[in-house]
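Below is one structure, written out as structure tokens; comments come after it.
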Amino acid sequence: MIERAFDIPFVAAMALREKQIQQNYRPIIAVHKWFARRPGTLFRALLLAEFCTESLPESYYKAHCFPDMRIADPFMGGGIPLLEANRLGCEVIGYDINPMAYWIVHQEMTHLDLQTYRQTASQFIKWLERKIGTLYKTKCQTCGDDRADVKYFLWVKTQACQL
């Protein structure tokens, strides 16, 4: 029973940590900001508490595969339950009234050809450098090089005094 296997203090500590670092580390779900995104640790823990015989702290960090388990979420929104179930090897089915929600979650779970991605990203970066790269260069105050990379910009509004 899930009530016996669900370790509330363990999960609460994990979820709190995830919420604290979400601005710095949000792997695939960072593709799109979604309203009221729930911590993935919570749903991973719920699934493991239901499907594993080990205690939650023992099973949480292990690799799992539950191909015979099917998880459905008819109101998936940002898709966290489905993404976590997918990471655990479950078959997932999701729906949402919002077609954008469906599309985003589908894209988050679609296989990515890393070689093609790297090639395309490299070509795009080279194109950007040709088009706007000069806008991100400055004169180095130390050595005088006119092609030094800009570290950061400070955008400041200015206005002439009318007095």
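The values are calculated or read from the model by the stated rules, or taken from the named source; none is laboratory data. Please read these numbers as outputs of a predicted model, since none were measured by experiment. For neighbour counting, all protein chains shown are included, and Cβ atoms are generated from backbone atoms with ideal geometry for every residue, glycine included.
Things worth noting here:
- Some residue of region 96-111 being over 20 Å from the mean Cα position of the chain (by Cα), of a type in the set (A, V, I, L, M) and within 30 Å of Ile80 (Cβ to Cβ): yes
- Residue in region 98-120 that is surrounded by 18 or more Cβ atoms within 10 Å (Cβ to Cβ), under 26 Å from Ala45 (Cβ atoms), assigned by TED's automatic domain parsing to the domain that holds Thr41 and in contact with a Pro (Cβ under 6 Å, 6 or more places away or on another chain) present: no
- Within region 12-27, residues that are under 17 Å from Pro81 (Cβ atoms) and hydrophobic (A, V, I, L, M, F, W, C) reach partners that are assigned to a helix (DSSP H, G or I) and modelled with pLDDT of 75 or more with beta carbons closer than 9 Å, at six or more positions or on different chains, in the pairs Met14/Thr41; Met14/Leu42; Met14/Arg44; Met14/Ala45; Ala15/Gly40; Ala15/Thr41; Ala15/Leu42; Ala15/Ala45.
- Segments classed as helices (runs of 4 or more DSSP H), wholly inside region 62-163, with at least 2 members that are more than 30 Å from Arg37 (Cα to Cα): 114-132
- Qualifying residue in region 50-73 (condition: closer than 18 Å to Glu108 by Cβ, polar (S, T, N, Q) and at pLDDT 90 or above): no
- Some residue of region 140-154 being in contact with a helix residue (DSSP H, G or I) (Cβ under 8 Å, 6 or more places away or on another chain) and within 30 Å of Phe10 (Cβ to Cβ): no
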